[in-house]
Amino acid sequence: MNDQGGDSVSVWRVEGPVLVAAHVIPVVVGVKAVIGWGVWALSPAAETAGSAGLWTGLAVGVVVFFWWTILRVRLEVGPGGIVAVNPWGTDRLLLDEVALVRLGAWGAEFHHGDGFKTTAYALSELATGTSQDQRFAELLAVLEADPDSPPG
């Protein structure tokens, strides 16, 4: 929970081995790029510059990929509603817009009264590398603590 001088907001992010990999892999590729530029500085040639540039481009791509798919993904539940940040966008729901909450294949599913649903990928088993059931139980506990929350 995160208290910022007002109402508390519960936040779930990717955690476990996936989070470690999202930090380690970009660092390894970035170090390889730095080494490539160091080699180029010691012996400037088109071949070493090309190799360093390739590793730099790969490092930028890896950083953007992991940030987009893992590090920015989150689920926030508070008195103002539900915010699900997924790789393809951000969904904001008021608590009274949610008719049902259940655990789906890709994370917590918030079913709207109009038949649509919003999935929170931050609670996906693939995104966390930990037990999806435990994190979903935490979500239900937070929702049940709020008297205006949707049924689980």
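The values are calculated or read from the model by the stated rules, or taken from the named source; none is laboratory data. The structure presented is a predicted model; accordingly, all values stated were derived computationally and were not measured. Positions of Cβ are backbone-derived with ideal geometry, glycine not excepted, and every protein chain shown enters the neighbour counts. All accessible areas refer to the heavy atoms of the entire protein, side chains included, with ligands and DNA or RNA removed. Shrake-Rupley method; radii C 1.70, N 1.55, O 1.52, S 1.80 Å.
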Subset of region 104-117 (residues that are open to solvent by 10 Å² or more (accessible area, probe 1.4 Å) and of a type in the set (A, V, I, L, M, F, W, C)) = Ala105, Trp106, Phe116
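Scan Val63, Val73 and give me the residue that is of a type in the set (A, V, I, L, M, F, W, C), surrounded by 14 or more Cβ atoms within 10 Å (Cβ to Cβ) and under 13 Å from the mean Cα position of the chain (by Cα).
Details: Val63 fails: under 13 Å from the mean Cα position of the chain (by Cα).
The conditions single out Val73.
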ask   = If we scan region 138-149, do we find a residue that is buried (at least 17 other Cβ atoms within 10 Å of the Cβ) and at pLDDT below 75?
value = yes
message = Let me spell it out: the conditions are (1) open to solvent by 50 Å² or more (accessible area, probe 1.4 Å); (2) out of contact with any Gly (no Cβ under 8 Å at 6 or more places or on another chain), and Ala49 meets all of them except one. Which number is the exception?
response = (1)
inquiry  = Against the conditions (1) within 30 Å of Phe116 (Cβ to Cβ); (2) open to solvent by 90 Å² or more (accessible area, probe 1.4 Å); (3) without any contact (Cβ under 8 Å) to a residue 12 or more places away in the chain, where does Arg13 fall short? Just the number, please.
reply    = (3)
ask   = Could you list, in sequence order, the residues of region 91-103 that are within 16 Å of Ser124 (Cβ to Cβ) and open to solvent by 10 Å² or more (accessible area, probe 1.4 Å)?
value = Asp91, Arg102, Leu103
